[in-house]
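The values are calculated or read from the model by the stated rules, or taken from the named source; none is laboratory data. No experiment lies behind these values; they were computed from the predicted model shown. Note that we place each Cβ from the backbone using ideal geometry, even for glycine, and neighbour counts take in every protein chain shown.
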Amino acid sequence: MAFRVLLACGVVISIAACNPFGGGEFSCTTNDQCGAGGMCTNSFCSFMDPSCMSGYRYGELSGGLSNKCVGDEPNDGGVDSKLFMDAHLAQDGVYCYGTGFGAACFLAPPTGAVNLTPQTIMTDTSNMCSTTVMGNPAWCVITGADITVAAGTVNAIGGKPLVLVATNTITVTGTIDVSSKRGGQIGAGSVAVGNVLCDPGTVGGNNSGGAGGSFGSAGKVGGNAGGETAGAVMPTNVMRGGCPGQDGKTGTVGQKGLGGGVVYLAAGTMISVAGTINASGAGATPGVTGSAGGGGGGSGGLIGLDAPLVSMTGAFIFANGGGGAEGSGLTTMGMFGGESINGAAAQGGGGLSASGGDGGDGGTSAAAGAGQNGTNGGGGGGGGAGAIRLFQAASITGAGTVSPAAS
């Protein structure tokens, strides 16, 4: 993985002499002079910006460097202004990893072998999350020279995305699970109900099923006249999770499924997956009584794979949508929406209520299914697929299931 090392001054002299770029409008000497989230870089304040390779951009009071990305400084021939690629240097500097959704930067490269055994990681509070990431990004970053996910399941929940950074290799022999599940876990970084990062769609009429959530692809409409329609597809070039579906309407209605979470793996040489990475959305709950609409399935979340080589051996990498739930009859409850297993489409609920509409299947590389009309409650729409983003490597090599297709 290409990463950058920005060298600090090698001798103890004045800040003005140390700075090769001239006297800016404000020169700093320590990070705390730059305020919350700021970093003093080459005597000027820089701030997090995921569009920059280094993850940082100089502020407006940085003289000739104002608004430039850290790492794009002009080269005056001195060591302080040079950009080093793919070089581990035993000097003070800034080591940045990740070319996709934003870089995680450190004052020293991560070291040691990390073995993630079966556990649940709360990304907001876990002591496994590095405290040395510069700029304190809103991610849980687990670092090492090599990272192995052992047999069994590592579940990640919480508001922050899960990020694994290895200077060498990441090997997944077990399961990384950032999916959301009906009545259970909410995957790490899943976008909350009502968040501006999700388009809620339109509200349906009486007895309609809820629409599925949209993210990497569109969720589908709920059943019955005036059924709720899904929101717009959202960008997948930022580190965020999937979107929830919609609740059904009228009576004791079905509840929406939540969107899948987000996990980003960045490795210097290779990512090898012989197990499972799951960021799928949750299935919805059915209409219960009173001709109630079923809930719409949650969209899939986001998986980022960032390494020169990404390989898989009989593995499952998927971020599929959750199934929409069946609508109810007047007194007969419908069937729950399904959830994706080993990359297969999550099935929509159906078959319990003769007069309730069936729910739609969740999206994969194929489109999600619409909720069906019912004499009483309409079925919920399937959640749209999330996204699998690939950086550096041109493709995923080897055999296995990838759903939706990596892009």
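Before moving on, here are some points about what is shown:
- Residue among Ala315, Ala292, Ala345, Ala325 that alone is within 20 Å of Ser407 (Cα to Cα), of a type in the set (A, V, I, L, M, F, W, C) and not in a strand (DSSP E or B): Ala345
- Residue in the stretch 261-273 that is in a loop (DSSP other than H, G, I, E, B) and either farther than 22 Å from Ser217 by Cα or at pLDDT below 95 (or both) present: yes
- Filter pass, Thr229 being surrounded by fewer than 24 Cβ atoms within 10 Å (Cβ to Cβ), closer than 30 Å to Pro110 by Cβ and of a type in the set (Ser, Thr, Tyr): no
- Residues that are of a type in the set (Val, Ile, Thr) and closer than 16 Å to Gly359 by Cα, drawn from the stretch 220-263: Val221, Thr229, Val253
- Sole exception among (1) polar (S, T, N, Q); (2) within 24 Å of the chain's Cα centre (by Cα); (3) farther than 30 Å from Cys140 by Cβ for Thr250, by number: (2)
- Of the criteria (1) within 27 Å of Gly35 (Cβ to Cβ); (2) surrounded by fewer than 17 Cβ atoms within 10 Å (Cβ to Cβ); (3) free of Cβ contacts under 8 Å to residues at least 40 places away in the same chain; (4) within 20 Å of the chain's Cα centre (by Cα), which one Asn127 fails: (4)
- Criterion applied to Gly219, Gly205 was being surrounded by fewer than 24 Cβ atoms within 10 Å (Cβ to Cβ), closer than 24 Å to Asn373 by Cβ and over 13 Å from the mean Cα position of the chain (by Cα), and the one residue passing it is Gly205.
- In the set (1) over 25 Å from Met234 (Cβ atoms); (2) in contact with a strand residue (DSSP E or B) (Cβ under 6 Å, 6 or more places away or on another chain), Asn376 fails one condition alone, (2).
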